[in-house]
Amino acid sequence: MTQPLIIVVNNDTEFLDLMHDLLNMEGYRTTICKEGDKAYALIKEAQPDLVVLDIRLEHAESGWTILELLRLDPATTRIPVIVCSADSRFLRDKATSLQALRCDILEKPFDLDALLAKVSSALRGERGEQ
């Protein structure tokens, strides 16, 4: 059985390193992407089992644009997405829209066990608590 592939999109190198190390230790394959403008093409080509997407990248709307592209494209619409952000106000304001886009939400800073629970749930096709 192949290990699930998770793509992590974030513009914070330390966060990417942490996520890569943690997810690999848990038995997942990971690909990291620091540039929002390359994320959609990477995700479409790689067809990961899960995407962990920072909604705030180089520009305030970069992550949101990536998410919309993923959901509009039949090739990527079924890929589970966990939206991750330190912008709690944005997450609250967009919670209904994110739920409609079938995304789980993870607010930074987060507990590592909470992250792993959401990853496991998303890979099983379940959505966690919002």
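Throughout, read-outs are computed from the coordinates displayed, never taken from laboratory work. Computed from a predicted structure; not experimentally measured. Cβ: placed from backbone, ideal geometry, glycine included. Neighbour counts: every protein chain shown.
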Task: Exposed-site-free run, longest, the chain (rule: GluC sites (Glu not before Pro); DSSP loop; at most 16 other C-beta within 10 Å) - done: 62-125
Task: Over the chain, relative contact order from alpha-carbon pairs under 8 Å, at least 6 apart, % - done: 20
TODO: Only loop residues by DSSP count here, and only those with at most 11 other Cβ atoms within 10 Å; note down the trypsin sites (Lys or Arg not before Pro) in the range 13-98 that meet that.
DONE: Arg78
Task: Simple Cβ-charge dipole of the chain, Lys/Arg +1 and Asp/Glu -1, about Cα centre, in debye nearest 20 - done: 460
Open item on the list: Please state the shape class of the chain: rounded when a/c is under 1.5, otherwise prolate if a/b exceeds b/c and oblate if not, all from the C-alpha gyration tensor.
Closed with: rounded
Task: Spatial separation of Cα centroids for the range 1-29 and the range 62-130, in angstrom - done: 16
